[in-house]
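Q: Shown below is the structure under consideration.
The values are calculated or read from the model by the stated rules, or taken from the named source; none is laboratory data. Keep in mind that what you see is a predicted model, and the values were worked out from it rather than measured. Methodologically, a virtual Cβ is constructed for each residue, glycine included, from the backbone with ideal geometry; neighbour enumeration extends over all protein chains shown.
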């Protein structure tokens, strides 16, 4: 039996609340609002989702035909355009009636502003960092009893139990979600990095950075900022916050020493927050945190947990026992001297560069629905790639890019790519990696990056089984 969450969202108004977009977070919003006694009107273009919402007690109505002067708030799903490339017509209608447009993160904050809201954002690494913090807190008995983790990862936030004052609530926040906050304040606000992404939804790089900076909304009490300084925009943001005087800024890096911060050198994590510059732990043996980018994630998680009051030993123990996240450099199988790594979450070149920089001998599966810039920026990593296997819509264009940089085969399909990569990798005399790190969106051939990663893992299992059966038959 599933226990309903102990939460409700009480709106101090008799006017109805509109919910636009009825995927998981939208349905969770309806449940919480109904428990709080609100009238809810809701819409989604998907008929099955409308039926689910109606079963929860929502009134199903096309919001384009709604009089928003009689609506308290529009709760918008983060995947629906707020400003770019053009506001959704329902957003235009709500704003014309001076109806606020917010998201579920804002509702959670309003329900319990006294909780310790820990927000993590950044172009890359936010899911791993969020999961790391949650894992570390859950290893620590007292904190673990109360910590809840969600947002852009895992459970929709309005399916949380309503937190008590001072309970930690750890939230992965996309730029879309931050755009839908109005008053939400984060006790600890963590910005990992900023590189170009989602520019179609923010207009340009300036708009994207502005969305990320919403995590640093100033509250009444002093707040902690944890900022990765390995990207140029974040260096500037750290300096701006420090000059503002309200924030206690902790800088983190995986590329060099940081006075007064947390950093990783040669795989060893150092804590100089209190000026002691102490070596905390060696990250190199932690298989679930490979590569410099994961060292940054570990440094960020360490800094956030330290600001939450945990000691270095407790945090180090949590880092060492981290089980990892699916689709993020996840080892899904080993065969002979080959590790098969699912990095399907790498949907752009910058994300793929992290995995490509983590292994010395790579049989690389890439491609899908290309993003702006394609594989630009990966040139310096091609000496690690033994052979590239190109799939999806981008296969031919990626093949042209690979000319003169690495050997490649245009495979188009995952089945062919995995089979051919395995056939070549098995002849390597040293440890090698068959790496799915597509540098592309998944929607040309798959429902999502998760679906793509699952297909990769299943295909790997099938290919290994077939090879083993062939070897047994030959004996």
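Q: Give the residues of the range 364-394 that are more than 22 Å from residue 195 (Cα to Cα), in contact with a helix residue (DSSP H, G or I) (Cβ under 8 Å, 6 or more places away or on another chain) and not in a helix (DSSP H, G or I), sorted by residue number.
A: Matches in the range 364-394: 364, 365, 385, 386, 387, 388, 389, 390, 391.
Q: Would you mind finding the one in 171, 180, 192 that is at pLDDT 95 or above, under 17 Å from residue 101 (Cα atoms) and buried (at least 21 other Cβ atoms within 10 Å of the Cβ)?
A: 180
Q: Given (1) touching a residue at least 40 places away in the same chain (Cβ under 8 Å); (2) under 27 Å from the mean Cα position of the chain (by Cα), where does residue 53 come up short, assuming only one miss?
A: (1) is the only condition that residue 53 fails.
Q: Same structure again: Those residues that are over 25 Å from the mean Cα position of the chain (by Cα) and under 23 Å from residue 108 (Cα atoms), I need them from the range 18-49; list them, please.
A: Hits for the range 18-49 are 18, 33, 34, 35, 36, 37, 38, 39, 40, 41, 42, 43.
Q: Let me ask another. Could you list all residues from the range 418-454 that are surrounded by fewer than 21 Cβ atoms within 10 Å (Cβ to Cβ) and in contact with a helix residue (DSSP H, G or I) (Cβ under 6 Å, 6 or more places away or on another chain)?
A: The one that is surrounded by fewer than 21 Cβ atoms within 10 Å (Cβ to Cβ) and in contact with a helix residue (DSSP H, G or I) (Cβ under 6 Å, 6 or more places away or on another chain): 419.
Q: Out of (1) modelled with pLDDT of 95 or more; (2) within 19 Å of the chain's Cα centre (by Cα), what's the single condition that is false for residue 102?
A: Condition (2) is where residue 102 drops out.
Q: Here is a further query. Residues to consider are 120, 133; find the one that is modelled with pLDDT of 95 or more, touching a strand residue (DSSP E or B) at 6+ places or on another chain (Cβ under 9 Å), assigned by TED's automatic domain parsing to the domain that holds residue 211 and assigned to a strand (DSSP E or B).
A: Answer to the selection: 120.
Q: Any chance the range 409-416 includes a residue that's within 15 Å of residue 327 (Cβ to Cβ), in contact with a strand residue (DSSP E or B) (Cβ under 7 Å, 6 or more places away or on another chain) and touching a residue at least 60 places away in the same chain (Cβ under 8 Å)?
A: No, the range 409-416 contains no residue that is within 15 Å of residue 327 (Cβ to Cβ), in contact with a strand residue (DSSP E or B) (Cβ under 7 Å, 6 or more places away or on another chain) and touching a residue at least 60 places away in the same chain (Cβ under 8 Å).
Q: What residue, among those in the range 292-309 that are surrounded by 19 or more Cβ atoms within 10 Å (Cβ to Cβ) and out of contact with any strand residue (DSSP E or B) (no Cβ under 8 Å at 6 or more places or on another chain), is farthest from residue 432 (Cα to Cα)?
A: 305
Q: Right, next: Does the range 395-406 hold any residues that are surrounded by fewer than 18 Cβ atoms within 10 Å (Cβ to Cβ) and in contact with a helix residue (DSSP H, G or I) (Cβ under 9 Å, 6 or more places away or on another chain), and which are they?
A: 405
Q: Quick one: which helices (runs of 4 or more DSSP H) sit completely within the range 1-109 and have at least 2 residues that are assigned by TED's automatic domain parsing to the domain that holds residue 149 and surrounded by fewer than 17 Cβ atoms within 10 Å (Cβ to Cβ)?
A: none
Q: Can you confirm whether the range 206-217 contains a residue that is farther than 24 Å from residue 76 by Cβ, at pLDDT below 95 and either crowded, with 20+ Cβ neighbours inside 10 Å or out of contact with any helix residue (DSSP H, G or I) (no Cβ under 7 Å at 6 or more places or on another chain) (or both)?
A: No - not one qualifying residue is present in the range 206-217.
Q: Against the definition (in contact with a helix residue (DSSP H, G or I) (Cβ under 8 Å, 6 or more places away or on another chain), surrounded by fewer than 21 Cβ atoms within 10 Å (Cβ to Cβ) and in a helix (DSSP H, G or I)), how does residue 457 come out, yes or no?
A: Taking the combined requirement at face value, the residue does not satisfy it.
Q: Any chance you could count how many residues in the range 209-234 are closer than 26 Å to residue 281 by Cβ and assigned to a helix (DSSP H, G or I)?
A: Total meeting the criteria: 1.
Q: Residue 346: assigned to a loop (DSSP other than H, G, I, E, B), within 21 Å of the chain's Cα centre (by Cα) and closer than 20 Å to residue 454 by Cβ, yes or no?
A: When the stated conditions are applied, residue 346 passes them.
Q: Among the residues of the range 256-265, write down those that are surrounded by fewer than 20 Cβ atoms within 10 Å (Cβ to Cβ) and either modelled with pLDDT under 95 or closer than 20 Å to residue 130 by Cα (or both).
A: Across the range 256-265, the qualifying residue is only 256.
Q: Same structure again: Condition first: buried (at least 23 other Cβ atoms within 10 Å of the Cβ) and within 26 Å of residue 254 (Cβ to Cβ). Now tell me which residues in the range 151-168 satisfy that.
A: Once the filter is applied, which keeps residues that are buried (at least 23 other Cβ atoms within 10 Å of the Cβ) and within 26 Å of residue 254 (Cβ to Cβ), the range 151-168 yields 151, 168.
Q: Of 241, 319, 310, 325, which residue is in contact (Cβ under 8 Å) with a residue 60 or more places away in the chain, part of a helix (DSSP H, G or I) and touching a helix residue (DSSP H, G or I) at 6+ places or on another chain (Cβ under 8 Å)?
A: Among 241, 319, 310, 325, only 319 is in contact (Cβ under 8 Å) with a residue 60 or more places away in the chain, part of a helix (DSSP H, G or I) and touching a helix residue (DSSP H, G or I) at 6+ places or on another chain (Cβ under 8 Å).
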